[in-house]
Structure formats: structure tokens, C-alpha cells
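Heads up: the structure comes next, in C-alpha cells.
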Amino acid sequence: MRIANLLTEDMIISELKGKDRDEVLREMVDFLKNKKKINNASELLERLIQRENLGSTAVGDGIAIPHCKIAELRSPILLLAISKKGVAFGSANGKLTSIFFMLVSPQENPSLNLQILAAIAQLIRQAPSLPKKIMAAKSARRILEIIREEEEKIYE
């Protein structure tokens, strides 16, 4: 499974305005609602916050993977959002988080959720320059190209 095949240019937020964890999550949920990708924004936000309260999804290197499953979906939604200033997102090292891969999956297909999370984790682990390249990218198109290039190196 490749992230570049799931993510589209119109699902990249190049500058989050939120200043804390809940503001950033709300901003991403509102983005999905405005794109008509979800119907129940309050339920999604509540589930994401519940998941973060169990333990932060910040994985280090300034990256977090907030995720949850909801019943109303037929296929997974992947959103990439960037905070140039960074947000305190509860990372183990205490550093700010700037890159958010948000995954919302159908409740009926938990294995698909795990496959996508594993693909994101593999990309992050095997492409150590990814955060720096994403932060330097000037457009959503370039971000997608970077992800595609890094995945080609991994899967060739």
C-alpha cells in the first residue's frame, strides 16, 4: 500500500492555524466537513480527541498520525496537514509537531486501517529526510511528489 496513491493534492492543508492539539484536530475535521468527506464532524472530533487522550499519536521527527474509525465511511480518508510553527502534540521527546497524517477509516474494515497506518509508519521510518522535505515544499503538488519519490525508493 502506498500513501501517494491514497493522498490527493486537495487533501493537503499547507498551513494550519491552530495553536494547540485540539485546535489543530478541529481545524482538520472542519476541513473534511467543508470538503463533504464526513457528515458528523462533532463525532469525528470527539473520537480523535479520545484517541489522543489514550496516548499521543506523535511519533517523533515532528510527525503525528492522528487516527480513528467511524461507521459512516465506505473508504478511508487520508489528510496531510502542516503547521509551520509547530504544535505541542504530546510527543515523547517534548518537541513540537509540524506534520500531521490524519487517517479516518471505516469501522467495518479494521485491517485496512492497520495497513494504512503501517504504510505511513514505514514511510516515516525509511525516509528520514521526509519531514525536512515536506516542510520546505512550496505546494501541495510538490509534497505529493516528495512522498511518491520517497516511496519509490522504499518499494523499488
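The values are calculated or read from the model by the stated rules, or taken from the named source; none is laboratory data. Quick caveat, the model's predicted, so the values are computed rather than measured. Cβ atoms come from the backbone with ideal geometry, glycine included; neighbour counts cover every protein chain shown.
Here are some notes:
- Lone unmet requirement of (1) surrounded by fewer than 14 Cβ atoms within 10 Å (Cβ to Cβ); (2) out of contact with any Asp or Glu (no Cβ under 9 Å at 6 or more places or on another chain); (3) not charged (D, E, K, R) for ALA71: (2)
- In segment 89-102, the condition of being in contact with a strand residue (DSSP E or B) (Cβ under 8 Å, 6 or more places away or on another chain), among the small types (Gly, Ala, Ser) and at pLDDT 95 or above is met by at least one residue.
- Residue satisfying condition, being buried (at least 17 other Cβ atoms within 10 Å of the Cβ) and within 26 Å of GLN126 (Cβ to Cβ), within set GLY62, GLY90, GLY94: GLY62
- If only residues of segment 32-59 that are among the hydroxyl-bearing types (Ser, Thr, Tyr) and surrounded by 15 or more Cβ atoms within 10 Å (Cβ to Cβ) are counted, the one that is nearest to PRO106 (Cα to Cα) is THR57.
- Scanning segment 120-142 for residues that are of a type outside the set (Ser, Thr, Tyr) and farther than 16 Å from ALA58 by Cα turns up GLN126, ALA127, LYS132, LYS133, ILE134, MET135, ALA136, ALA137, LYS138, ALA140, ARG141, ARG142.
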